[in-house]
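Input: a single structure, listed below in structure tokens.
Read-outs throughout are calculated quantities, based only on the coordinates presented, and are distinct from any laboratory measurement. As the structure is a prediction and not an experimental result, all values here were calculated from the model. Please note: Cβ atoms are built from the backbone with ideal geometry, for glycine as well, and neighbour counts cover all protein chains shown.
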Ligand SMILES: Nc1nc2c(c(=O)[nH]1)N(C=O)[C@@H](CNc1ccc(C(=O)N[C@@H](CCC(=O)O)C(=O)O)cc1)CN2
Ligand SMILES: Nc1nc2c(ncn2[C@@H]2O[C@H](COP(=O)(O)OP(=O)(O)OP(=O)(O)O)[C@@H](O)[C@H]2O)c(=O)[nH]1
Ligand SMILES: [K+]
Ligand SMILES: [Mg+2]
């Protein structure tokens, strides 16, 4: 399954770098497959005595079809298979950045015989099929590319380095050892010494514990991978936009003393202690006859529904009002929320202290001032605590969702094996569930996986990966 005996006939091409108008000094067009070198040679004109030697950089120009016009000035790199990322012949054309040069070079390449546009993740998929890369490594590369914080990138690198593959492979091998013990008894019971069932069950128990621990750790790591959506909601003028600006360290949102300033949801990406956070500023919620303002308020409710945490901001200088209470009641029951009193700077210090976190019978989680920044640290800590994000700190390995589901399935199958043992069912009953557990782990590592499942995994990668 891992190494495909038939080489892929088609040569694929895509832009491997992020492209945006006016951005990026250099962009790379990548080709992989049997025609890569021929195509490279025919679209890039190389002056002087330079030779197309593998793993050497050449200088030249991508020429148009007529051979007269220069499309771009480039560097080219040929990597002959199997010494390449995909294991096939790979050619990289390093063009100028931005949009036009690289698009024209790609079109020129795609116009060549036997070349087609690469599907998302197809380079990585070929690397896996050709045995150059483990499946979990390929998935980790995709997560590295998607990482929005240093911590998330660091965690992804464990997978890139093979950390997940090694952990799962070793657990799977321990199960395979136990399976062969069992199967030998099913087939040739009389010829073998009696099976030490207790020892076997203990080993299965150990593997199951490790799998459950991996799933638990991974859940803690999800917050680093997916980040948190934190919605700032509250009545008009309580200081939501001011708070967003303070946390983002820039004047992202317009702030005025007019209630109803923010009319549309506005997002700002920040990182708090390694956790990528999307702060969502919303229109102040109140009863209004203004149709435009109402549209904004509708969006505030949508933002609330999509959030992982609601930060309900109220104005300490006005105290907790009936409107604040009404808003609190509108926050979905299962949504973690923080009650945040803003404008603490307007309170005399003695009074803030005497408030002792109680305002009209409501426990206030944090009192702060978006103006002076006092209490900001406490808010950050509270947000991270509410989502269990602080628990993600010491993690070194984290399975993605697909891997978590399979590890959990394997753990359940092992529990069933133990159940079969407890009920003193014959050995062939034990082996059914044990095989299922082994097969789930094989699906994580790619050792037991169908082409269709692989296609689905890689289709979620980005183009050019
Ligand atoms: N220009 C460029 N930069 C890149 C990549 C690339 O493909 N091209 N990478 C792509 O993801 C990453 C680096 N990863 C790579 C992994 C393996 C091979 C590779 O060619 N491996 C061969 C040859 C090794 C050797 O010469 O010793 C091999 O493993 O046999 C290249 C890049 C990030 N930077
Ligand atoms: N003294 C003081 N004033 C603040 C503080 N935070 C915000 N303000 C002021 O309160 C007013 C409203 O602030 P905004 O940030 O626009 O409030 P908002 O909740 O986004 O308001 P809408 O978008 O209209 O719903 C502005 O004049 C701010 O300068 C604070 O901590 N202390
Ligand atoms: K305002
Ligand atoms: Mg606002």
For this session: Compute the FRET efficiency between residue 177 and residue 423 as 1/(1 + (r/R0)^6), taking r as their Cβ-Cβ distance and R0 = 25 Å, and round to the nearest 0.05.
Result: 0.60
Exercise. What FRET efficiency comes out for the pair residue 302/residue 363, r = Cβ-Cβ distance, R0 = 30 Å, nearest 0.05?
Worked result: 0.60
For this session: Compute the length gained on full extension between residue 191 and residue 205: take 0.36 nm times their separation in residues and subtract their Cα-Cα distance, giving the result in nm to one decimal.
Result: 2.3 nm
Problem set entry | Length added when fully stretched, residue 287-residue 401, from 0.36 nm per residue minus Cα-Cα | 36.9 nm
Exercise. Distance from the Cα centre of segment 38-101 to that of segment 174-201, in angstrom?
Worked result: 58
For this session: List the residues of segment 154-179 whose backbone N lies under 19 Å from a point placed 7 Å from the Cα of residue 18 along the Cα-to-Cβ direction.
Result: 154-157
Exercise. For residue 41 and residue 267, FRET efficiency with R0 = 56 Å and r from the beta-carbon atoms, rounded to 0.05?
Worked result: 0.75
Problem set entry | Surface/4 estimate of mean projected area, convex hull on alpha-carbon atoms of segment 11-118, nm² | 6.2
For this session: Whole number please: convex hull volume per residue, Cα atoms of the chain, in Å³.
Result: 209
Exercise. Per the helix-only calculation at 222 nm, which mean residue ellipticity applies to the chain, given -39500 (n - 2.57) for every DSSP H run of n ≥ 4 and division by its residues, nearest 500 deg cm²/dmol?
Worked result: -14500 deg cm²/dmol
Exercise. How do the peptides 300-312, 248-260 rank, highest first, by the average count of neighbouring beta carbon atoms within 10 Å per residue?
Worked result: 300-312, 248-260
Seminar exercise, completed: Ranked output for segments 109-115, 90-96 by mean other Cβ atoms within 10 Å, highest leading, reads 90-96, 109-115
Problem set entry | Label-point separation, residue 452 to residue 144 (7 Å along Cα→Cβ), nm | 3.2
Problem set entry | Translational diffusion of segment 134-202, µm² s⁻¹ [Kirkwood Rh, Cα pairs; Stokes-Einstein; 10 °C; 1.306 mPa s] | 109
Exercise. What nm value, rounded to one decimal, do you get for the distance between residue 229 and residue 463 when each label is placed 7 Å out toward the C-beta?
Worked result: 2.6
